[in-house]
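Participant: Before anything else, here's the structure in question.
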Amino acid sequence: MEIQATRMGKAHVIRLSGRWDAFSAASFEQRCADLLREEGMRHVVLDLAGVDYLSSFGLRAMLNLGKLLEPLGGELRVAALQPSVAKVYRGSGFNSLFQDFPDVENAVRAFRGA
C-alpha cells in the first residue's frame, strides 16, 4: 500500500492506495504516529479512492488513529470509498464512528475552520 500525506487548510489528507491489510496496517500506523508527533496532525481525512481491499486490520488501524485524535480535539473523516471497500466499512458499522464523504473536498470542508 502507498501512503501519501498532504495538507489542505488545517486538515491532513492521507491518500492510501492498494490493499489495506495486515501487512500495510503497521506502516499506516507508523506514518500516522510520525505525523502526530512531527506535524501536530489533528484533523484527518483518509482518502480511500485508491484502496481496493480493506481488511479488519485496516479497520483496526483506522480505529486506533481515531482514538489517538479524540483526546487532542481532533477528528477523523473518510472520503471516496470504492464500492467494495464501502461495503466492508459500512457493514462493520464504522460509518457510525467516522463520517464518510463522497470526496476529499467535502470531507475537508466539514471541519470547522479547516
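Participant: Please go through the stretch 20-38 and pick out each residue that is part of a helix (DSSP H, G or I), open to solvent by less than 20 Å² (accessible area, probe 1.4 Å) and closer than 20 Å to residue 52 by Cβ.
Facilitator: Across the stretch 20-38, the qualifying residues are 24, 25, 28.
Participant: Right, something else. Of the numbered conditions (1) assigned to a strand (DSSP E or B); (2) surrounded by 19 or more Cβ atoms within 10 Å (Cβ to Cβ); (3) out of contact with any Asp or Glu (no Cβ under 6 Å at 6 or more places or on another chain), residue 50 fails exactly one; give the number of that condition.
Facilitator: (2)
Participant: Further, regarding this structure: So which residues in the stretch 86-109 are open to solvent by 40 Å² or more (accessible area, probe 1.4 Å), over 17 Å from residue 19 (Cβ atoms) and in a loop (DSSP other than H, G, I, E, B), if there are any at all?
Facilitator: Answer for the stretch 86-109, where residues must be open to solvent by 40 Å² or more (accessible area, probe 1.4 Å), over 17 Å from residue 19 (Cβ atoms) and in a loop (DSSP other than H, G, I, E, B): 97, 99, 102, 103.
Participant: Do we find a residue being of a type in the set (Ser, Thr, Tyr), open to solvent by 20 Å² or more (accessible area, probe 1.4 Å) and in contact with a Ser or Thr (Cβ under 9 Å, 6 or more places away or on another chain) anywhere in the stretch 69-85?
Facilitator: Narrowing the stretch 69-85 to residues of a type in the set (Ser, Thr, Tyr): 84.
Still in the running and open to solvent by 20 Å² or more (accessible area, probe 1.4 Å): 84.
Remaining after also requiring in contact with a Ser or Thr (Cβ under 9 Å, 6 or more places away or on another chain): none.
No, that holds for no residue.
The values are calculated or read from the model by the stated rules, or taken from the named source; none is laboratory data. Treat the numbers as computed from the prediction; the structure is a model and nothing was measured. When we count neighbours, we look across all protein chains shown, and the Cβ atoms used for this are built from the backbone with ideal geometry, even at glycine. The protein model used for the area step is the full one, side chains on, heavy atoms only, and it has no ligands, DNA or RNA in it. Shrake-Rupley method; radii C 1.70, N 1.55, O 1.52, S 1.80 Å.
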